[in-house]
Amino acid sequence: MDGELPFPQYRYHVESHGLFAGFSQVTLAQEDLALHDREALKQQTANLVLANGMITFGTDLYKWLCSVKPQTIERRTIGITLHNEGGQKIAAWQVTSAFPVKVRGLQLKATGHDVVIELIEVEHHGIELVEQL
């Protein structure tokens, strides 16, 4: 995969079921944690925020993002890889039981079949670092 990235201008690449999206920013939406309550702290998981991205229109990943409705949650395992400026993988994470809870700014790009994404917030059951170089 190194060298021929689907969205080379984005350093973070998100994969689910073999389909990709590129993002320039990945963070955890950390709210105020109840540090005084150990049981509450164990149960708190910050949502994953993917910002300033691009995805190809009509793909399964695009349809998954657009299908979020009450009572219809499709959880997926997604992979996130970080690449350096030369396109080589630096690190990879696996996000389990993820589903989008907020999608903002889906805009078709005038050239091609790509969709610009302002922000995707993903709820999950855990993030694990699976590779670090």
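Does Leu129 count as over 16 Å from Phe23 (Cβ atoms), part of a strand (DSSP E or B), modelled with pLDDT of 85 or more and in contact with a strand residue (DSSP E or B) (Cβ under 7 Å, 6 or more places away or on another chain)? It is true that Leu129 is over 16 Å from Phe23 (Cβ atoms), part of a strand (DSSP E or B), modelled with pLDDT of 85 or more and in contact with a strand residue (DSSP E or B) (Cβ under 7 Å, 6 or more places away or on another chain). Contact map, the range 98-121: residues that are within 17 Å of Glu15 (Cα to Cα) paired with residues that are modelled with pLDDT of 85 or more and assigned to a loop (DSSP other than H, G, I, E, B), Cβ distance under 6 Å, separation 6+ or inter-chain. Pairs shown: Ala98/His124; Phe99/Arg75.
Of all positions in the range 104-123, none carries a residue that is modelled with pLDDT of 85 or more, assigned to a loop (DSSP other than H, G, I, E, B) and more than 14 Å from the chain's Cα centre (by Cα).
Just to be sure, is Thr45 modelled with pLDDT under 85, surrounded by 11 or more Cβ atoms within 10 Å (Cβ to Cβ), in a loop (DSSP other than H, G, I, E, B) and not acidic (Asp, Glu)? Answer is yes for this residue. There is at least one residue in the range 66-84 that is surrounded by 12 or more Cβ atoms within 10 Å (Cβ to Cβ), at pLDDT below 80 and not hydrophobic (A, V, I, L, M, F, W, C).
Selection of the range 49-86 for residues being of a type in the set (Val, Ile, Thr) and within 12 Å of Phe99 (Cα to Cα) yields Val49, Val68, Thr72, Ile73, Thr77, Ile78.
The values are calculated or read from the model by the stated rules, or taken from the named source; none is laboratory data. Since this is a predicted model, take the numbers as computed values, not measurements. Reconstructed Cβ throughout: ideal geometry from the backbone, glycine too, with neighbour counts over all protein chains shown.
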